[in-house]
Amino acid sequence: MLLRSMPDLSPANTQYRAWFYSHWGRENCLILGRSREAEYERYRQRLSIKMASGGGERYFIGGRTVTVDDDSYLILNEGQSYGSVIRCEREVESFSIFFRPGLLENVLAAIGVEGARVLEHAGSTGARSPEFLERLNPHDATVTPVLRFIRHHIRAGVDDEQWYEEQLQILATRMLAQHRRIRTQALSLQCVKTSTRIEICRRVALAVDFIHSFYDRDIGLEQMAAAACMSVHHFIRLFRQIHGVTPMAYLYRKRIRVAQRLRDSCELSMQDIAMRVGFNSRATFYRQWQQWQREPAGTLS
């Protein structure tokens, strides 16, 4: 199922809802649409991956809010229940891929089989699907290029179902590779227990999600540490160990990246932009802006 607009699942739209749910959960579903306002109630979903550009789409997962925008993508596991909302002055492009039953398991089984034995397992779904970390992932060189490649072909009008199946197999392989890379990073932390290392990464990831979702508000170290369920002292030390920068530096980088996009796409004064991205101090904004201009890569850790 391929949609080039946001699905209208309102109760009044009975015919469309009947068509949508006759396909939903049985096959791959790719949705690429633009909207200033959209809202979807909590629903138990399939394994999916999300992107957004031109603004943010907020996802409500359990008791927390996570905002996907131009800087990141989000993977949500099979069976996760969540809702989402878009409310923005400009149109936001929302891109979601929902994987058909068994696709990831087939890929996982094939990865674990060597040489000619791959053919013997072509239809196997015996491999257990991993639990992805449900966190915002900064755009990377592994998953992001495939996502953008698929999005480009949707925009170009490609409707070949088998071609998309092939690309989603490649995407799933990349997602698993990135999953392993993140886990390896967690295990490199200087802690005694493996479970402790993974838990630390999970908690720091919650703080990163908090930064990406609420960077435009007046937040500081105490709120970030609370999102990670850590003391401020331990939070700063562990955040820097994982990301290579302090939490405040990460927050400022996020704000400046959004400010740069606003400058390139909106007719706003620099003072208005500073306020929109959460800088209450003009001096801090200009200092961070100048520092950003001196960093050619301009990347978030």
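The values are calculated or read from the model by the stated rules, or taken from the named source; none is laboratory data. Keep in mind the model is a prediction, meaning the values are calculated, not measured. Positions of Cβ are generated from backbone atoms using ideal geometry, with glycine treated the same way; all protein chains shown enter the neighbour counts.
Here are the numbers:
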item	result
Of residues in the range 259-276 being more than 14 Å from E89 (Cβ to Cβ) and in contact (Cβ under 8 Å) with a residue 12 or more places away in the chain, the one surrounded by the fewest Cβ atoms within 10 Å (Cβ to Cβ)	M270
Subset of the range 226-244 that is more than 10 Å from V204 (Cβ to Cβ), of a type in the set (G, A, S) and under 23 Å from the mean Cα position of the chain (by Cα) - its residue that is modelled with the lowest pLDDT	G244
Leading residue by the ranking (farthest from R4 (Cα to Cα)) among those in the range 142-165 that are in a loop (DSSP other than H, G, I, E, B) and not aliphatic (A, V, I, L, M)	T142
Positions within the range 271-288 being modelled with pLDDT of 75 or more and not in a helix (DSSP H, G or I), in sequence order	V277, G278, F279, N280
Any strands (runs of 3 or more DSSP E) falling wholly within the range 1-77 and containing at least 2 residues that are more than 14 Å from S96 (Cβ to Cβ) and in contact with an Asp or Glu (Cβ under 9 Å, 6 or more places away or on another chain)	64-68
Lone unmet requirement of (1) in contact with a helix residue (DSSP H, G or I) (Cβ under 9 Å, 6 or more places away or on another chain); (2) surrounded by 16 or more Cβ atoms within 10 Å (Cβ to Cβ); (3) more than 10 Å from Y215 (Cα to Cα) for Y286	(2)
Index of the failed condition, T184 passing every other in (1) hydroxyl-bearing (S, T, Y); (2) free of Cβ contacts under 8 Å to residues at least 24 places away in the same chain; (3) farther than 29 Å from L47 by Cα	(3)
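Yes/no matrix, rows are residues, columns are (1) aromatic (F, W, Y); (2) in contact with a helix residue (DSSP H, G or I) (Cβ under 7 Å, 6 or more places away or on another chain); (3) buried (at least 19 other Cβ atoms within 10 Å of the Cβ):
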residue	(1), (2), (3)
I31	no, no, yes
A38	no, no, no
L47	no, yes, yes
F60	yes, no, no
V66	no, yes, yes
